[in-house]
Amino acid sequence: MNTFTPGRGAAYLLLAVLGFAVGLAGSLVQAAWLPGGLLLALLASAALFHAGVRVTGNQLGAAAPVAGWLGAVVWLSLGRPEGDGVFGGGIGDLVFILGGMAAAVMCATMTRLPQPIRPE
């Protein structure tokens, strides 16, 4: 049984910050180097979401980086009052957002990881 500890809380916070950073970098890279940047951004996002599950051993480990990633993507998609925005509304932007969310759902709904047997 996984109990909440300060170390686990710090891991979730670190995963959320990393999720924000990957979402920010992915949003910028996916449009700059299409299609390679899009693939790189999606692979980095999916790798972080899966790593969160592997590191923490539960689905909440995927939810923490997803929350950070989604925060960055939403923040960048809002734009500024002057009309400037990171996302131009092209197909690459939509594939990045929808592909990232699909990767998040896949990682968050994975079956539980097998727990190692501890000798007594």
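The values are calculated or read from the model by the stated rules, or taken from the named source; none is laboratory data. All values derive from a computational prediction rather than experimental measurement. Don't worry about glycine lacking a Cβ; one is built from the backbone with ideal geometry, like all the others, and counts go over all protein chains shown.
On the basis of being closer than 30 Å to PRO116 by Cβ, modelled with pLDDT of 85 or more and of a type in the set (A, V, I, L, M, F, W, C), does LEU60 make the cut? Outline the logic, then answer.
On the way: closer than 30 Å to PRO116 by Cβ: yes; modelled with pLDDT of 85 or more: yes; of a type in the set (A, V, I, L, M, F, W, C): yes.
Considered against the rule, which asks whether it is closer than 30 Å to PRO116 by Cβ, modelled with pLDDT of 85 or more and of a type in the set (A, V, I, L, M, F, W, C), LEU60 comes out as yes.
Mind checking which residues of the stretch 71-91 are part of a helix (DSSP H, G or I) and either at pLDDT below 85 or surrounded by fewer than 18 Cβ atoms within 10 Å (Cβ to Cβ) (or both)? Spell out how you get there, then give the answer.
As a first pass, look at the stretch 71-91 and keep what is part of a helix (DSSP H, G or I): 71-78, 91.
Across the stretch 71-91, the qualifying residues are GLY71, VAL74, TRP75, LEU76, SER77, LEU78, ILE91.
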Under 6 Å between Cβ atoms, at least 6 apart or on separate chains: pull out the pairs that start in the stretch 41-67 with a residue that is at positive phi and in contact (Cβ under 8 Å) with a residue 40 or more places away in the chain and end on any residue that is surrounded by fewer than 24 Cβ atoms within 10 Å (Cβ to Cβ) and assigned to a loop (DSSP other than H, G, I, E, B). GLY57/LEU113
Take the stretch 3-36 and flag every residue that is in a helix (DSSP H, G or I), under 11 Å from GLY92 (Cα atoms) and in contact (Cβ under 8 Å) with a residue 40 or more places away in the chain. SER27, GLN30, ALA31
Every listed condition ((1) surrounded by 18 or more Cβ atoms within 10 Å (Cβ to Cβ); (2) more than 9 Å from the chain's Cα centre (by Cα); (3) not charged (D, E, K, R)) holds for ALA32 save (1)
So VAL95 ticks every box in (1) modelled with pLDDT of 85 or more; (2) out of contact with any Gly (no Cβ under 6 Å at 6 or more places or on another chain); (3) closer than 20 Å to LEU15 by Cβ but one. Which box is left unticked? (3)
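Would you check if there is a residue in the stretch 49-64 being assigned to a helix (DSSP H, G or I), crowded, with 18+ Cβ neighbours inside 10 Å, in contact with a Phe, Trp or Tyr (Cβ under 9 Å, 6 or more places away or on another chain) and of a type outside the set (Gly, Ala, Ser)?
Yes: one or more hits.
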